[in-house]
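Comments concern the structure below.
The values are calculated or read from the model by the stated rules, or taken from the named source; none is laboratory data. All values reported here derive from a predicted model rather than from experimental measurement. Quick reminder, even Gly has a Cβ in these numbers, built from the backbone with ideal geometry, and neighbours come from all protein chains shown.
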Amino acid sequence: MMAVLVFEIIISGGFNNMDGSSAIIIVTTIVDGSFFGALGAGVLYIMLKKHWIPDYLQNPVTLMLVIAVFTASNILQHESGLMAVTVMGILLANQKAIRVKHIIEFKENLQVLLISALFILLASRLRVEDLDYFNLQSALFILALLFIVRPISIYAATWRSKLSFQEKTFLAWMAPRGIVAAAISAIFALRLEQEGFADAEKLVPYTFVVIIATVTVYGLSANPVARLLKVAKPQPKGVLFLGAHTWSIDLACRLQQLGLKVLVADSNWENISRARKSNLETYYGNILSEFAMDEINFDGIGYLFALTPNDEVNALASIRFAEIFGTSNVFQLAQSSISIHKENETHESLGGRILFSNEWNYSAIEELMKEDIGLFLYRVSDGFNLRNFMNKMGKSGLIVSCSLLYR
């Protein structure tokens with residue numbers, strides 16, 4: 001947005017020559033972009049809310065509206081289309097009434113294709129003689145961006161915030177430039193050259209110098225700098241338990257004893273009350289709702305155990321959280337009916353990985369727990385592993401407890 005406004009100021013003659021018309025151009029750019037962006041978001045919101053668009057046409061209709069908003073805004077005020085589509089995206093992404101996830105996925109796929117082609121096209125405008133811009137002057141310019149401009153902007157923007165000094169420093173170190181800088185510089189350079197501005201042809205080569213340098217420096221140093229500043233997070237090993245019945249609470253407590261972060265979710269208040277009495281972190285509500293993703297703090301959690309007696313809920317939760325934790329890190333109980341599981345060969349692909357084994361479904365574990373069989377923790381090592389332990393204990397109840405935790 002700032003680049004567009006600065007470009008308008010340059011075209012208008014710069015700050016020294018700004019008059020009433022220049023100020024009007026800047027205000028018009030902001031107003032037109034905001035108006036058409038809000039209008040486009042509103043039109044699409046109403047059409048999706050009232051189901052006026054068939055599912056298979058939602059992606060192309062959305063793309064059509066984005067192009068229409070960009071074009072209409074640009075017709076009234078040149079270069080305001082970028083602001084219009086940005087405002088449209090911000091409004092749609094922050095509303096909660098309609099689902100736009102499938103549109104976002106379409107946008108991501110389209111973005112990869114367009115950006116890949118655009119980078120090639122923009123880079124093709126560079127000439128061999130543009131390599132002369134890789135000199136001491138450009139190196140000093142890069143160093144100024146890395147060690148002066150970026151740190152000052154971050155420390156100023158985060159002043160009086162709750163971020164620690166280490167977090168601010170890491171933010172100050174991370175600012176890789178990419179396709180936005182390349183695209184805007186290429187478009188603006190052509191217009192500036194047409195307007196007769198001196199040195200406009202240097203804009204694209206210098207931008208690519210910045211892109212290459214920042215991506216290389218930040219990309220290679222991100223992990224070491226994060227570890228040095230102690231802001232790098234370890235691999236999340238916490239577990240989200242779906243279902244707060246007695247034995248799942250017991251299992252969650254055992255894992256919490258090992259130092260793992262545990263979160264228990266349930267829509268039954270009595271179950272949640274029991275979990276809280278066991279000093280477990282809980283979430284009360286429907287975990288499949290749109291609001292759950294915003295309300296739950298997933299920091300440190302990397303696995304899902306779906307342990308409810310409802311097979312459908314377990315499968316739906318596994319499908320949803322596979323997008324967050326990965327398909328290999330979501331687990332669910334085996335179906336209550338083994339015959340149903342055998343008939344439905346695609347069950348596992350439509351849900352999570354089977355926790356424990358196919359024999360240990362919810363009903364089987366409930367029956368087992370009625371026999372006063374508890375859960376215990378045993379440390380295994382290279383010299384005394386789980387197989388040795390099971391052979392030693394035979395068929396006693398402790399083997400069941402061990403298999404529940406480690407199978």
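Residue check: is Pro205 outside any loop (DSSP other than H, G, I, E, B) and without any contact (Cβ under 8 Å) to a residue 12 or more places away in the chain?
No.
Can you spot a residue in region 230-239 that is within 25 Å of Ala139 (Cα to Cα), touching a residue at least 60 places away in the same chain (Cβ under 8 Å) and surrounded by 19 or more Cβ atoms within 10 Å (Cβ to Cβ)?
no
Is there a residue in region 14-33 that is at pLDDT 90 or above and surrounded by fewer than 17 Cβ atoms within 10 Å (Cβ to Cβ)?
Yes.
Could you list, in sequence order, all residues of region 218-227 that are loosely packed, with under 15 Cβ neighbours inside 10 Å, touching a residue at least 24 places away in the same chain (Cβ under 8 Å) and of a type outside the set (S, T, N, Q)?
Residue satisfying the conditions is Gly219 alone.
Taking the options Val128, Val180, Val112, name whichever one is over 30 Å from Thr62 (Cα atoms) and not small (Gly, Ala, Ser).
Exactly one residue qualifies, and that residue is Val128.
How many residues, within region 255-274, are surrounded by 15 or more Cβ atoms within 10 Å (Cβ to Cβ) and under 22 Å from Ser363 (Cβ atoms)?
Number satisfying all stated conditions: 6.
Restricted to region 275-302, and to residues that are on the phi < 0 side of the Ramachandran plot and of a type in the set (S, T, N, Q), which residue is surrounded by the most Cβ atoms within 10 Å (Cβ to Cβ)?
Restricting to residues being on the phi < 0 side of the Ramachandran plot and of a type in the set (S, T, N, Q), the top hit is Thr282.
Could you tell me whether Ala156 is part of a helix (DSSP H, G or I), crowded, with 16+ Cβ neighbours inside 10 Å and either at negative phi or not acidic (Asp, Glu) (or both)?
No; evaluated as a whole, the condition is false for this residue.
Quickly run through region 304-339 and pick out the residues that are outside any helix (DSSP H, G or I), β-branched (Val, Ile, Thr) and over 11 Å from Gly243 (Cα atoms).
Val330
Check Ile67, Ile90 and return the single one that is within 24 Å of the chain's Cα centre (by Cα), of a type in the set (A, V, I, L, M) and assigned to a helix (DSSP H, G or I).
One residue alone meets the criteria, Ile90.
Quick one: Val239 ticks every box in (1) in a helix (DSSP H, G or I); (2) over 30 Å from Lys168 (Cβ atoms); (3) of a type outside the set (Ser, Thr, Tyr); (4) within 23 Å of the chain's Cα centre (by Cα) bar one, so which box is it?
(1)
On the basis of being part of a helix (DSSP H, G or I), at pLDDT 85 or above and under 25 Å from Gly81 (Cβ atoms), does Phe170 make the cut?
No.
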